[in-house]
1. Please list 10-19, 65-74 highest first by mean number of surrounding beta-carbon atoms within 10 Å per residue.
2. Set the Förster distance to 30 Å, then compute FRET efficiency between Val52 and Tyr78 from the Cβ-Cβ distance, nearest 0.05.
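All of the numbers you see were taken from the coordinates with simple rules; none came from a lab. Please read all numbers here as calculations on a predicted model, not as lab measurements. Backbone-built Cβ (ideal geometry, glycine too); neighbour counts: all protein chains shown.
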Amino acid sequence: MAFTLLALMLSVLVSGLAPARHVVKLDVFQVLKAEQVATGATGGWQKKLLVVGQVPVSVALFSTANSSLPACAMHWQYGPAWTRRKNSS
């Protein structure tokens, strides 16, 4: 359980801080202005579609990770299911 939580926190930090460090180095206004000129003011529907698609994928991944935590806790407490003895009553 501790390893799972440590891996979760590490992945959140790495995936959250890497883009943030990249953004800090950029002048966002200049990048947006250059992109607007290159694609046109009305372009960019593909980017909007990707952002809209990213939300359900993130929710699905988070839900999967969240639903596996009780199984990890049970495994941590009792061990693997195939090593447990059945009651002979």
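1. On the way: 10-19: 9.8, 65-74: 11.6.
Descending mean neighbour count gives 65-74, 10-19.
2. 0.10
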